[in-house]
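Below is one structure; the comments refer to it alone.
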Amino acid sequence: MPATRPIWKGQLRLSLVSIPVELFSAARRSAKPGFRQIHEPTGKPIHYEKVVAGVGPVDKDEIIKGFEYEKGDYVLLTDEEIDAVKLETRKTLELTQFVGACEIDPIYYDKTYFVVPSDELAEDAFRVIRDALRKTEKVGLGQLSMRGKEYLAAIKPSGTGLMLETLHYEEEIRKADPFFSQISGKKAEAELLEVATALIEKKTAPFDGGAFKDHYQNALRGLIKRKLKSKGRKITASEEEAAERPSGENVVDLMAALKQSLEGGGKKKAASGKASANKSASSRKKAS
C-alpha cells in the first residue's frame, strides 16, 4: 500500500457485519502546479495574518468557531463542544440502502475515495460485500462524518477494492428549471438527428482516461521550465509555443458541417457554431 495516510478510519457495516476499513483520497493534488503569491520587489512569499477590526493581529489560541444566527451576532462554540457532538457516523459507515448502479444522477457525485480493509483479518468479509455489490449491480448508500461534516456516501466495487463517492445532499443541488426554461422543447429535425447520431456512433469507443491530457497544466509546466532556463527573464508572448487545439468557426449550414465531420473532416478543422433551423433548411434547398 502506498505510504499515504488515510483520511478516515472506521467500520463499514452491513446489518450485523462490521469491517474495519480505511479511506484514502483517489485524487492527487500534487498533479497540478501550485502557486504562491510573491512580493515582487523582494521575491519573498506573502503571508496572511488573522486580524480583528479595531484590535489587529490575534493569536491562534484566541480563535474559536462561531455561527452567525443574525447579522453581526454569533453563537460561539469551542472545539471541545463540537467534538462532544456524538454521531455514530464518525466511526461507522452503515450501508442502509441499495440502489441500481445507474439510478443516481451524476450531478449528485462530489469526491472519490478508495476503501480498503484495515488488515488481513477483515479481507474475507470485505470480499463478500464487494462481490455481492458486483453481482447484484447495486450501489450501497450510507453516511459518515469526517472533517467536521456528515457526508452522504455511495459504495461500489472497483477492481479488487471498493470505491466511495461522497454525494451532495438534495438541498445542495440547484434546480435546473431556471437555467433550462428558456430552451425550447422542440425536437431536432429528423435528418439532422440521423447524421449527428451516426457521427456519435463513429466516435464511440471504450473510455480511456489516459487518452486525455491536461493541456493547460502541461503548458504551465513548460512555461515554468523556460523561466528556470532563462533565469527569471520575462517570457514574451512571441516566445510562447502555441498548442494546436481545435478552434470553433461560425457555420451557416449545420447539415454540411455534420456530414463533413462524419466523412472525416480532414481537409478542414471540425467546426461548430450556431445556426437557425431556417438558415440550415434554406442552405440545404440551395444545395439540392
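The values are calculated or read from the model by the stated rules, or taken from the named source; none is laboratory data. On a predicted model such as this, the values are computed, not experimentally measured, just so you know. For neighbour counting, all protein chains shown are included, and Cβ atoms are generated from backbone atoms with ideal geometry for every residue, glycine included.
A few comments on the model shown:
Residue-by-condition table, conditions (1) closer than 30 Å to Arg221 by Cα; (2) basic (Lys, Arg); (3) touching a Ser or Thr at 6+ places or on another chain (Cβ under 7 Å):
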| site | (1), (2), (3) |
| --- | --- |
| Pro33 | yes, no, no |
| Glu40 | yes, no, no |
| Gly43 | yes, no, no |
| His47 | yes, no, no |
| Lys50 | no, yes, no |
| Val55 | no, no, no |
| Asp59 | no, no, no |
| Ile63 | no, no, no |
| Gly66 | no, no, no |
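- Options Glu94, Glu80, Glu49: the member that is farther than 27 Å from Leu152 by Cα and either exposed (fewer than 12 other Cβ atoms within 10 Å of the Cβ) or touching a residue at least 60 places away in the same chain (Cβ under 8 Å) (or both): Glu49
- Selection over the range 5-46 of residues that are under 25 Å from Asp110 (Cα atoms) and surrounded by 10 or more Cβ atoms within 10 Å (Cβ to Cβ) gives a count of 19.
- Residue check for Glu137: over 15 Å from Glu22 (Cβ atoms) and touching a Lys or Arg at 6+ places or on another chain (Cβ under 9 Å): no
For every residue, the table says whether it meets (1) more than 19 Å from the chain's Cα centre (by Cα); (2) under 22 Å from Arg28 (Cα atoms); (3) at pLDDT 95 or above.
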site	(1), (2), (3)
Ala101	no, no, no
Pro106	no, yes, no
Thr112	no, yes, yes
Glu123	yes, no, no
Leu133	yes, no, yes
Ala154	no, yes, yes
Leu162	no, yes, yes
Thr166	no, yes, yes
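- Total residues in the range 100-109, condition of a type outside the set (A, V, I, L, M, F, W, C) and surrounded by 13 or more Cβ atoms within 10 Å (Cβ to Cβ): 2
- Residue count for the range 91-127 satisfying the condition of being in a strand (DSSP E or B) and not hydroxyl-bearing (Ser, Thr, Tyr): 12.
- Residue that is nearest to Tyr169 (Cα to Cα) [pool: residues in the range 102-127 that are charged (D, E, K, R) and in contact (Cβ under 8 Å) with a residue 40 or more places away in the chain]: Asp110
- Residue that is of a type in the set (D, E, K, R), surrounded by 14 or more Cβ atoms within 10 Å (Cβ to Cβ) and under 23 Å from Tyr108 (Cβ atoms), where the choices are Arg174, Arg130, Arg147: Arg130
- The range 255-270 residues that are at pLDDT 55 or above, paired with ones that are exposed (fewer than 15 other Cβ atoms within 10 Å of the Cβ) and assigned to a helix (DSSP H, G or I) (beta carbon under 6 Å, 6 or more apart): Leu262/Ala198
- Among the residues of the range 52-74, those identified as surrounded by 10 or more Cβ atoms within 10 Å (Cβ to Cβ), over 29 Å from the mean Cα position of the chain (by Cα) and assigned to a strand (DSSP E or B) are Val52, Gly66, Tyr74.
- Flag if Pro33 is part of a loop (DSSP other than H, G, I, E, B), touching a helix residue (DSSP H, G or I) at 6+ places or on another chain (Cβ under 8 Å) and outside the structural domain of Leu162 (by TED's automatic domain parsing): yes
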